[in-house]
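Data first, discussion second: the structure below is written as structure tokens.
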Amino acid sequence: MNALLSHRATKPLLFVLALLPLAQLVYRALTDSLGANPAEALSRGSGDWVLRFLCLTLAVTPARQWTGWNALARLRRMLGLYAFFYGVLHFLCYAWLDMGFVPADIVRDIPKRPFVLAGFAALMLMLPLAATSFNRAIKAMGGLRWRRLHRLVYLIVVLALLHFYWMRAGKHDFAEVGVYAAIVAVLLGWRIYAAWRARASATARRDAAHAKQPVALHVTARARPSPPSAGT
Amino acid sequence: MHLIRDRCFTPSPGESVTPRSVYAQRRDFLSRAAALAALAAPWPASAAVDPAAGPGRLPPLPASRSEVNGALTMEKPTAYQDVTGYNNFYEFGTDKADPARRAGGLKTRPWTVVVEGEVKHRGTWDIDALLKLAAMEERIYRLRCVEGWSMVIPWVGYSLAELVRRVEPTGNARFVQFETLADAKQMPGLRSSVLDWPYVEALRLDEAMHPLTLLAFGLYGEVLPNQNGAPLRLVVPWKYGFKSAKSIQRIRFVAKQPTTSWEAAAPSEYGFYSNVNPKVDHPRWSQATERRIGEDGLFKKKRPTLPFNGYEAQVGQLYAGMDLAKFY
């Protein structure tokens, strides 16, 4: 599997696959088959794919560790960038189809509606991540700082969920929101569990070390937990 | 080419007559054919129709043009396909395609409507008796959904006032409450707890008596398709669509203002009156504009929403002196 994932064609294939949802929306728009309310169908269609790509991006590291398919990590950046790409499309749908591209109306509308604000905040937080997604940015920032910045994705996915939840709240229709919330809960819960285990094992190591060392060191021994592995 | 074709034009009154006359002609023919068929067979129950098939598959419901002031807008009726294929009827699911897909099993015969509460003549009305209660009128109303989209629908029915007058409300009656059928066997949407079933809507008595308040039995010249609230529903054109209860089974006259289903579900978002009002936003979106289904091209700016959905001249006086931002 790792060999397959490392294949030269894997990334281009994923690139094309990830464009299929857009292709489908464009095709349906051109053939007038988006239903009675095409604007709504485009907004919702693009929004769904932001959440899906966010979930896929966050699933890479747990999946890598569960399956041992470490080459999955190669694909994470592209998945994350596609989440951003569909996020931009989703915003354009709102700005254009709903707000008629009138900047003053958009600026007035965003802070007025919590659910729009949550979505907009998620998109704004995605900007620095997309902007630092290339190798030279990682090098320039240093791995640790880059990783810390990119932990914003946890906040982003929570905001995206909140946006979806509030959107559906008017209909009291939480079935679909629940599915995404469960997926995100598993993906984030796994990270908390992994961090907790890393801390526990660090403590165990430290205690083991203490047993061999003189008591005097004890005061300074609040060792920082080892930072989570690169794939957060 | 939905993206490019400009579908937004304002038909002159002359133009808008044409499509009506086309289907009126066919309706005429169909009603004569049906009259013949009716001699041999009982009137068939209505059904959920495939929206794509267009009108012409349900029993016709002949009507004359309404004389009620404001009852015939000159705007172009929304395509039958959209009217019957894109709507909310939560008893069949929360997706707007669900009603057309899942209302096929709704049994609309036999059907009775219980009239109870503060009236002199309580009792149970058979749907066939209600169909004969008053002359059927065609009314072309704008419908504005609270979600920000709108349609123009040619309904068939008569003023609810016709029924109200016959049952004679007592002096205590201040409000009229409407209850929708809630039968889990026929309505798969009842499995979800989106709302407390049965669906309850209500009007003030003077609103219920207003001539524009329609007890509808049909649309596009035929009996109502199941997905649109067969066999009878309310249509209150100056209020958001959810006020117009569908598949009504119970009408109760009461002294106290009832709590409607949506008020119970989200009191901060839905008020009792729910008059269409561009100045009072829904907490999560603006009500200032709307998208007319099938008319406004994809990239066209949404059209402004009118106070009382454009029926202010007819109904504005019902709310004289009321703070509409408070009584939303």
* Could you please give the count of residues in segment A:38-67 that are of a type in the set (S, T, N, Q), within 14 Å of chain B (Cβ to nearest Cβ) and crowded, with 22+ Cβ neighbours inside 10 Å? => 1
* State yes or no: is residue B:247 within 14 Å of chain A (Cβ to nearest Cβ) and of a type in the set (Ser, Thr, Tyr)? => no
* Would it be correct to say that residue B:83 is touching a residue at least 40 places away in the same chain (Cβ under 8 Å) and farther than 20 Å from residue B:222 by Cα? -> no
* To do: Of the numbered conditions (1) touching a Leu at 6+ places or on another chain (Cβ under 9 Å); (2) within 14 Å of chain A (Cβ to nearest Cβ); (3) modelled with pLDDT of 95 or more, residue B:242 fails exactly one; give the number of that condition.
  => (1)
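Considering only residues that are of a type in the set (S, T, N, Q) and more than 23 Å from the chain's Cα centre (by Cα), which ones fall in segment A:21-69?
A:31, A:33, A:37
Take residue A:154 and tell me if it is part of a helix (DSSP H, G or I), under 19 Å from the mean Cα position of the chain (by Cα) and either acidic (Asp, Glu) or more than 20 Å from residue A:65 (Cα to Cα) (or both).
no
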* To do: From (1) touching a residue at least 40 places away in the same chain (Cβ under 8 Å); (2) charged (D, E, K, R); (3) within 14 Å of another protein chain (Cβ to nearest Cβ), pick out the condition that doesn't hold for residue A:76.
  => (3)
* **The one condition in (1) away from chain A (no Cβ under 14 Å); (2) out of contact with any strand residue (DSSP E or B) (no Cβ under 6 Å at 6 or more places or on another chain); (3) within 30 Å of residue A:43 (Cα to Cα); (4) assigned to a helix (DSSP H, G or I) that residue B:309 fails to fulfil** => (2)
* Structure fact -> Cβ pairs under 8 Å, 6+ apart or interchain, first in segment A:148-165 and at positive phi, second assigned to a helix (DSSP H, G or I), ordered by first then second residue, are none
* To do: Please indicate, with yes or no, whether at least one residue in segment B:208-219 is free of Cβ contacts under 8 Å to residues at least 24 places away in the same chain and more than 14 Å from the chain's Cα centre (by Cα).
  => no
* **Selection count, segment B:91-110, where residues are closer than 25 Å to residue B:253 by Cβ and either under 18 Å from the mean Cα position of the chain (by Cα) or within 14 Å of another protein chain (Cβ to nearest Cβ) (or both)** => 2
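Consider residue A:113 carefully, then state whether it is touching a strand residue (DSSP E or B) at 6+ places or on another chain (Cβ under 9 Å), within 11 Å of another protein chain (Cβ to nearest Cβ) and of a type in the set (Lys, Arg). Steps first, please.
Values: touching a strand residue (DSSP E or B) at 6+ places or on another chain (Cβ under 9 Å): yes; within 11 Å of another protein chain (Cβ to nearest Cβ): yes; of a type in the set (Lys, Arg): yes.
So residue A:113 fits the description; yes.
The values are calculated or read from the model by the stated rules, or taken from the named source; none is laboratory data. Computed from a prediction, not measured in an experiment: that's the story for all the values here. Cβ: placed from backbone, ideal geometry, glycine included. Neighbour counts: every protein chain shown.
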